[in-house]
Amino acid sequence: MAAPLLQQDAETAAGYLRGDAEAVASVDRWIAGAAAPFRRRLAGDWHDLLQEARIEILRLLRKGSWRGEARLRTYIWQVVGHTCLDAMRRLKRRPLLEPVEADAPLPSADPSPLDLVMGTDSRRRLLAALEAVPADCRELWRLILSGLSYQQISAETGVAEGALRVRAHRCRKRATEALAGNAAPLPAAEGR
């Protein structure tokens, strides 16, 4: 290996041991790059694995295991590869709480396209169901959702608590039927 490259790698290794920000950033990029092929298989343990690799590299560099026979980046890639393989072996020995597929997508905080379509469809159906119920049902739900008790609603509207509970039940039944697409018009007395 050329002397300037060896010197540069030695400075990077020394900087990493000192905690030099530039050296740490370089080595962290190498660690992430070397561990990337294992990310899907170690999804839940990914960040722990990166930390484990950092600790192992620190331990080996302090011990003087890197002798400059290969580039520092190559050495780090080998260490990270072995660390990932060890982690995968540990996972195989650990009993699984739930099945994990190698091709399973990584969890994401963003909704999937299907979730977006289903959410839009659900909102559309819910609004249609709300339009299908009488206005007095919507008003009763508004009062309930504002945090009022049946007793408070009774005092405000002049309707007995028991009658309010029956109305709420009928309104709920009507909305459920509307959501299912089975909405039949309610007789005028039943909606009140």
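Exposure proxy for V166, V80: other Cβ atoms within 10 Å of each Cβ, ordered fewest to most, give V166, V80.
Length gained on full extension, A128 to Q78, computed as 0.36 nm times the residue gap minus the Cα-Cα distance: 12.0 nm.
Once the Cα-Cα distance is subtracted from the 0.36 nm per residue extended length, the V24 to Q152 segment shows a gain of 39.7 nm. Note on E22, E177: ascending count of other Cβ atoms within 10 Å places them as E22, E177, the fewest first.
Pair-distance distribution of the stretch 113-180: all C-alpha pairs, bin width 5 Å, starting at 0; shares per bin in whole percent are 3, 17, 23, 20, 14, 11, 7, 3, 2, 0.
Going from the fewest other Cβ atoms within 10 Å to the most, the residues Y150, Y16 appear in the order Y150, Y16.
We did not get these values from a lab; they are worked out from the coordinates using the rules stated. Quick caveat, the model's predicted, so the values are computed rather than measured. Neighbour counts are summed over all protein chains in view; Cβ atoms, including those assigned to glycine, are modelled from backbone coordinates with ideal geometry.
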